[in-house]
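So the structure is just underneath, and the comments pick up after that.
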Amino acid sequence: MKPHVLLNSAMTVDGKIATSNSSMQISGSDDLKRVHMLRKKFDAIMVGINTVIIDNPRLTVHKIKSESYDNPIRIIVDSRLRIPRDANVLDSSARTIILTTRMARVRDVELLRSMCDVIVCGEDVVNLSEALKILYDMGISSIMLEGGSTLNFSMFKDGLVDKVSVCIGSRILGGVESKTLVGGRGFSLDEVVELELDDFYRIDGDIVLEYNVKKKE
Ligand SMILES: NC(=O)c1ccc[n+]([C@@H]2O[C@H](COP(=O)([O-])OP(=O)(O)OC[C@H]3O[C@@H](n4cnc5c(N)ncnc54)[C@H](OP(=O)(O)O)[C@@H]3O)[C@@H](O)[C@H]2O)c1
């Protein structure tokens, strides 16, 4: 068994979620409120370590009226414990779980265990299927995956994403170096992820598309 996973992201009309090395606001303030409403409904939010290093997000519910118990658990995927010790996700506003691997130094694991939970799961990259089983057994039954590009790819590759919600901001970024919604090595034609459109609506000047991920036979 694994938690239910929704990938939620904002992207430009040309499918970019960020420049090559910095973050940018892609959707409008109404969409940000929508994302924070969604966060309230999930047990946990998951992001890759590059997103933590580049954006330094809090990953809490703070764009709408909320209580501290509304904050989901923050899950960071970080093979070598590159996480900055002063990262916002290590503050006391919510519980944080770092998924790491046997490549992480014992000294770093011990230090971080004094600040948050650390689960060692995988040899050189985090074994996401195994990690999601462990998280489910810990009582986490729903996860909102919030990027970035590389983690999104791995989550699809391992068949771990159930739903996709994308807000298309009315912008074009361009550039081959910019990050796309799903990066990694990309899929071969027989691996392409098939989606089923579930809903779509306008939010301020942006558009939200919601899909179910079709399961492979
Ligand atoms: N527009 C949006 O909605 C949105 C949302 C989120 C992020 N972003 C943007 O996305 C960018 C970051 O994306 P990114 O692709 O560079 O990085 P990322 O997906 O945030 O993090 C990827 C890193 O996670 C670690 N990792 C460990 N195990 C993994 C596994 N099994 N599969 C995949 N990754 C694994 C790897 O680093 P180690 O090997 O060092 O562990 C990997 O390089 C930022 O610029 C951010 O602003 C945009």
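Suppose we filter the stretch 63-102 for residues that are open to solvent by less than 40 Å² (accessible area, probe 1.4 Å) and either out of contact with any Phe, Trp or Tyr (no Cβ under 9 Å at 6 or more places or on another chain) or not in a loop (DSSP other than H, G, I, E, B) (or both); how many remain? Spell out how you get there, then give the answer.
Residues of the stretch 63-102 open to solvent by less than 40 Å² (accessible area, probe 1.4 Å): 64, 70-79, 81, 83, 87, 89-90, 94, 96-101.
Right, trim to either out of contact with any Phe, Trp or Tyr (no Cβ under 9 Å at 6 or more places or on another chain) or not in a loop (DSSP other than H, G, I, E, B) (or both) and you get 64, 70-71, 73-79, 81, 83, 87, 89-90, 94, 96-101.
Count: 22.
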Legend entry - Pair list, Cβ under 7 Å, 6 or more apart: the stretch 185-200 residue closer than 21 Å to residue 169 by Cα, other residue open to solvent by less than 80 Å² (accessible area, probe 1.4 Å) and of a type in the set (D, E, K, R): 198/210; 199/210; 200/210
Legend entry - Count of the stretch 63-81 residues which are modelled with pLDDT of 95 or more and within 16 Å of the ligand (Cβ to nearest atom): 9
Inset, instruction - May I ask you to list the residues in the stretch 179-193 that are assigned to a loop (DSSP other than H, G, I, E, B) and either open to solvent by 50 Å² or more (accessible area, probe 1.4 Å) or more than 9 Å from the ligand (Cβ to nearest atom) (or both)? - result: 182, 184, 185, 186, 187, 188, 192, 193
Inset, instruction - Return yes when residue 169 is in contact with a strand residue (DSSP E or B) (Cβ under 6 Å, 6 or more places away or on another chain) and within 11 Å of the ligand (Cβ to nearest atom) and no when it is not. - result: yes
Legend entry - Single unsatisfied condition, residue 13 versus (1) of a type in the set (Val, Ile, Thr); (2) open to solvent by 50 Å² or more (accessible area, probe 1.4 Å); (3) assigned to a helix (DSSP H, G or I): (3)
Legend entry - Every residue from the stretch 16-56 that is among the polar types (S, T, N, Q), open to solvent by 50 Å² or more (accessible area, probe 1.4 Å) and farther than 24 Å from residue 80 by Cβ: 25, 29
Legend entry - Criterion (open to solvent by less than 80 Å² (accessible area, probe 1.4 Å) and over 21 Å from the mean Cα position of the chain (by Cα)) met by exactly one of 168, 207, 172, 203: 203
Inset, instruction - Identify, by number, the condition in (1) within 17 Å of residue 47 (Cα to Cα); (2) away from the ligand (no atom under 14 Å from the Cβ); (3) loosely packed, with under 15 Cβ neighbours inside 10 Å that residue 106 doesn't meet. - result: (1)
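The values are calculated or read from the model by the stated rules, or taken from the named source; none is laboratory data. What you see is a predicted model, and the numbers here were worked out from it, not measured in a lab. Counting neighbours? That spans all protein chains shown, and the Cβs are built from the backbone with ideal geometry, glycine included. Surface areas here come from the heavy atoms of the whole protein model, side chains and all, with no ligands, DNA or RNA. Shrake-Rupley method; radii C 1.70, N 1.55, O 1.52, S 1.80 Å.
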